[in-house]
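The values are calculated or read from the model by the stated rules, or taken from the named source; none is laboratory data. For clarity, every value in this text was computed on a predicted model and none was experimentally measured. Cβ placement follows ideal geometry from the backbone for every residue including glycine, while neighbour counts extend to all protein chains displayed. Ligands, DNA and RNA are excluded from the accessible area calculation, which covers all protein heavy atoms including side chains. Shrake-Rupley method; radii C 1.70, N 1.55, O 1.52, S 1.80 Å.
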There are 2 protein chains.
Amino acid sequence: MTVRLDRVHKAQALMREQGWLGIMVMNHDDYRYFLGRDWAQPRAIIPREGAPILICSAGEEPELRDYAHDHGAQYEIKVFAHVGEQMAAVVGAFRGIQHDLDPNPPEGKSKVGMQMWFDTPAFLVDLFRKLNPRLELVPSDPVMDALRVVKEPEEVDLMARAQQVAALGMDRAREMLRPGVTSREVTAEAMCAMMRAGAEGTSTPIYVNFGAYTCMLHGGLSPKPLEEGDLVVINLNPQVEGYCANLSRTFVMGEPDKLQLRLMNAYSEMVAETRRLLRPGVHIRDLDARGKEICTAHGFGDYHIDGISHGIGLRFEETPASTIVRQHRNVKVLDGMALTIGHTVLAVPGIGGVRHEDVYQVTPEGPKILVDYGVEWVVS
Amino acid sequence: MTVRLDRVHKAQALMREQGWLGIMVMNHDDYRYFLGRDWAQPRAIIPREGAPILICSAGEEPELRDYAHDHGAQYEIKVFAHVGEQMAAVVGAFRGIQHDLDPNPPEGKSKVGMQMWFDTPAFLVDLFRKLNPRLELVPSDPVMDALRVVKEPEEVDLMARAQQVAALGMDRAREMLRPGVTSREVTAEAMCAMMRAGAEGTSTPIYVNFGAYTCMLHGGLSPKPLEEGDLVVINLNPQVEGYCANLSRTFVMGEPDKLQLRLMNAYSEMVAETRRLLRPGVHIRDLDARGKEICTAHGFGDYHIDGISHGIGLRFEETPASTIVRQHRNVKVLDGMALTIGHTVLAVPGIGGVRHEDVYQVTPEGPKILVDYGVEWVVS
């Protein structure tokens, strides 16, 4: 990846439409999207006009300057001596931008876009507002979603690489499954395999759940070792150059029982049907509605949970992220979006749950799976 | 670890002094501190009186209920069906608490403590404020710091375990150093060793920096393979039951040159002197001031950066975190605090830097190192 002034220019065109002064970047994913690399404390301003402004600590300036220079891009770099002065550096930069671009803003305030997600620290936002009474922060989604929901070919390549890394981790995890193994052991080996294959780390913790713990929506590590007959749900999410994989599989240790078979059949049918329906123009809510019908037909209607699909890219969940942002249920699927299928768990509380998740890119002919890992769920 | 009603009761006594309605927990570390376990989306209310209220999604309720029950603790559990409703569940809970404890708050608003750190998502805080116009959020530090800066013996035990895990990772990383190795390879092997030794993951990414990249304050992965004569800075921070390790070492690949030796001598003297000074009653700023004198005597005064020591525990950096919160420079060290020594890098820009960091507990007789890893910096 390299610095992407083409993306900066697209963002600036959209900002002009919105009338924003700029975008304040305080998250890893937008920083990487524009700059092609991550930074420990990602702080940058993409003004509506002119060169991006990078904010970094004094000790980090030479590396940042070298990087921008090596990639042939001109940036303004503002240095702070101390984390406490970070927002002061930002304020100074925005004063200059406001003076140049928007000296008499409507109602006295200029709008600045900012990503409002889990990664944006509340105390820095509070400080930003306090120090910038003439700026109004608004969610940057109208600009950033327009840029990011449809993936460029090089982004899809990186996502496929991440998904291949996840596949190697899943192979290793599956190989570890035997009665008595702990979820911690499986996790450690899956992590080793993925790091050795080129993962930078994982976007969210690895989940390895056994038995009734497979019901968990988010999961974690099961407290008890694996037992014969247990369901196993494993969720792996390595990152490659910031791009997130998402691979979940359910296994059963030994012969599946009737309920496990019924759950697996219902889930597989729901995934197959979602794959059939996932075309440009469909709404996310329609995918869940059809999934619920299928689960109901299998006698599991009460256990169906919305959220079969979500956007993925430089964030583990990005627009459409309907389980986090309810309004995203109304997002219309676009040609070129990267979406997962299989996010939701179908679980009978106290008994167990199943889930198979893969990453696809939407095409007019249907979703193209990035890495076809297959489903071989019985471990003997 | 187990659920800690004793800590809840201490927090409640301090909240009564502050006149707060309660503490809203939205971060992993406070959640673990009170509940003894982590949760994918940590959301809990510690009211000034009565049982803690845990907020979780419907699919996660059975596990949370089992956990609380197994540990003999009574909690109220509020369930939401959808992430979008999380804050609505919180609002409902606070309405009840306000009605019971503080029906006519001064100036119409009750105060609620909340951790204001990197982990607290701005959009949830905004939503909380919008839905709770009668609540005023204030930083929870006056209560949480009073509880957390001095470590209990079982916390120190877990921190020592984490530091042992880091030591195994450092052994493995050092073993990997040879001309041509990439920082990615070193990172992968260090991570494997730490995961196999019981790490849950790392609190911040592993840093493996070579050559001029050792100047980096935060670091990352060096783009070029290791070369003969390079400095190497490795920073490892595995977590065990949430408790953070912090182990940094500098190595040189082959014979150190004169400047490298001078940097290393200056740094070692600064660390030794900080160990000598670190006693209950000293102020954090005094440690840095003395460090600057030493660096100046070695001819590196211009390159000295404040931040030799910071608090550590369930957060990678916690009070006193003077490189993040300037006022923490005025914190007086207390008997029983857990602090690192060796956080700052001493770097000549464009050339290289050195850094050795370990974790200590403060005692009246001086700082007790949790794991004495030693310094053997020449790799041949």
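Note down all Cβ pairs under 6 Å where the first residue falls in region B:217-237 and is in contact (Cβ under 8 Å) with a residue 24 or more places away in the chain and within 11 Å of another protein chain (Cβ to nearest Cβ), the second is charged (D, E, K, R) and open to solvent by 30 Å² or more (accessible area, probe 1.4 Å), and they're at least six residues apart or on different chains.
From residues that are in contact (Cβ under 8 Å) with a residue 24 or more places away in the chain and within 11 Å of another protein chain (Cβ to nearest Cβ), the pairs are B:Leu221/B:Arg184.
Any residue at all in region A:252-269 that's within 11 Å of chain B (Cβ to nearest Cβ), among the aromatic types (Phe, Trp, Tyr) and closer than 16 Å to A:Leu346 by Cα? Working first, answer last.
Taking region A:252-269 first, the residues within 11 Å of chain B (Cβ to nearest Cβ) are none.
Within region A:252-269, none of the residues are within 11 Å of chain B (Cβ to nearest Cβ), among the aromatic types (Phe, Trp, Tyr) and closer than 16 Å to A:Leu346 by Cα.
If only one of B:Ala68, B:Ala73, B:Ala58, B:Ala40 is farther than 19 Å from B:Gly113 by Cβ, in contact with a His (Cβ under 8 Å, 6 or more places away or on another chain), modelled with pLDDT under 90 and not acidic (Asp, Glu), which one is it?
Residue meeting the stated conditions: B:Ala40.
Among the listed residues B:Phe128, B:Phe123, identify the single one that is within 12 Å of chain A (Cβ to nearest Cβ), more than 22 Å from the chain's Cα centre (by Cα) and in contact (Cβ under 8 Å) with a residue 40 or more places away in the chain.
B:Phe128
For the structure I just gave you, tell me whether B:Ala68 is surrounded by fewer than 19 Cβ atoms within 10 Å (Cβ to Cβ) and closer than 26 Å to A:Ala347 by Cα.
Against the criterion (surrounded by fewer than 19 Cβ atoms within 10 Å (Cβ to Cβ) and closer than 26 Å to A:Ala347 by Cα), B:Ala68 does not qualify.
Could you please let me know if A:Arg37 is open to solvent by 30 Å² or more (accessible area, probe 1.4 Å), touching a residue at least 12 places away in the same chain (Cβ under 8 Å) and not in a strand (DSSP E or B)?
Here the answer is yes, as A:Arg37 does meet what is asked.
Spot the failing condition for A:Tyr67; the list is (1) in contact with a strand residue (DSSP E or B) (Cβ under 7 Å, 6 or more places away or on another chain); (2) within 11 Å of chain B (Cβ to nearest Cβ), and only one is missed.
Here A:Tyr67 meets the rest and fails (1).
Answer yes or no: is there a residue in region B:327-344 that is without any contact (Cβ under 8 Å) to a residue 24 or more places away in the chain and open to solvent by 10 Å² or more (accessible area, probe 1.4 Å).
From region B:327-344, those without any contact (Cβ under 8 Å) to a residue 24 or more places away in the chain are B:327; that's our starting set.
From what is left, the residues that are open to solvent by 10 Å² or more (accessible area, probe 1.4 Å) are B:327.
Yes - at least one qualifying residue is present in region B:327-344.
When only residues in region A:162-196 that are of a type outside the set (A, V, I, L, M, F, W, C), open to solvent by 20 Å² or more (accessible area, probe 1.4 Å) and within 14 Å of chain B (Cβ to nearest Cβ) count, which is farthest from A:Ile369 (Cα to Cα)?
Here is the first cut: in region A:162-196, the ones of a type outside the set (A, V, I, L, M, F, W, C) are A:163-164, A:169, A:171-172, A:174-175, A:178-180, A:182-185, A:187, A:189, A:196.
Within this subset, residues satisfying the condition of being open to solvent by 20 Å² or more (accessible area, probe 1.4 Å) are A:164, A:171-172, A:174-175, A:178-180, A:182, A:184-185, A:189, A:196.
Add one more test, that the residue is within 14 Å of chain B (Cβ to nearest Cβ), and what stays is A:172, A:182, A:184-185, A:189, A:196.
Values: A:Arg172: 21, A:Thr182: 31, A:Arg184: 30, A:Glu185: 29, A:Glu189: 26, A:Arg196: 24 Å.
Per the stated criteria, the residue is A:Thr182.
Which members of region A:18-34 meet the condition of being away from chain B (no Cβ under 13 Å), open to solvent by less than 40 Å² (accessible area, probe 1.4 Å) and in contact with a helix residue (DSSP H, G or I) (Cβ under 7 Å, 6 or more places away or on another chain)?
A:Leu21, A:Gly22, A:Ile23, A:Val25, A:Asp30, A:Tyr33, A:Phe34
For (1) within 14 Å of another protein chain (Cβ to nearest Cβ); (2) among the hydrophobic types (A, V, I, L, M, F, W, C); (3) farther than 26 Å from A:Phe316 by Cβ; (4) over 29 Å from the mean Cα position of the chain (by Cα), each residue gets a yes or a no:
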position	(1), (2), (3), (4)
B:Arg16	no, no, yes, no
B:Ser57	yes, no, no, no
B:His99	no, no, yes, yes
B:Lys111	no, no, yes, no
B:Phe118	yes, yes, no, no
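Anything in region A:80-97 that is more than 12 Å from chain B (Cβ to nearest Cβ), more than 30 Å from the chain's Cα centre (by Cα) and surrounded by fewer than 20 Cβ atoms within 10 Å (Cβ to Cβ)? List them, or say none.
A:Gly92, A:Arg95, A:Gly96
Please work out which one of (1) surrounded by 21 or more Cβ atoms within 10 Å (Cβ to Cβ); (2) closer than 25 Å to B:Tyr33 by Cβ; (3) touching a Ser or Thr at 6+ places or on another chain (Cβ under 9 Å) is the condition B:Gly201 fails and give its number.
(1)
With within 14 Å of another protein chain (Cβ to nearest Cβ) and open to solvent by less than 50 Å² (accessible area, probe 1.4 Å) as the only criterion, which of B:Tyr207, B:Tyr213, B:Tyr243 stands out? Working first, answer last.
On the way: B:Tyr213 fails: open to solvent by less than 50 Å² (accessible area, probe 1.4 Å); B:Tyr243 fails: within 14 Å of another protein chain (Cβ to nearest Cβ).
Result of the check over B:Tyr207, B:Tyr213, B:Tyr243: B:Tyr207.
Could you list, in sequence order, all residues of region A:40-59 that are under 30 Å from B:Leu346 (Cα atoms) and either in contact with a strand residue (DSSP E or B) (Cβ under 7 Å, 6 or more places away or on another chain) or open to solvent by less than 10 Å² (accessible area, probe 1.4 Å) (or both)?
First pass over region A:40-59, keeping only residues under 30 Å from B:Leu346 (Cα atoms): A:40-45, A:52-59.
Passing the criteria: A:Pro42, A:Arg43, A:Ala44, A:Ile45, A:Pro52, A:Ile53, A:Leu54, A:Ile55, A:Cys56, A:Ser57, A:Ala58, A:Gly59.
For region B:332-350, give me each residue that is at negative phi, part of a loop (DSSP other than H, G, I, E, B) and either over 17 Å from the mean Cα position of the chain (by Cα) or more than 14 Å from chain A (Cβ to nearest Cβ) (or both). Walk me through how you get there before you give the answer.
Filtering region B:332-350 down to residues at negative phi leaves B:332-335, B:337-341, B:343-349.
Filter once more, so that each one left must be part of a loop (DSSP other than H, G, I, E, B): B:333-335, B:343-345, B:349.
B:Val333, B:Leu334, B:Asp335, B:Val345, B:Pro349, listed by residue number.
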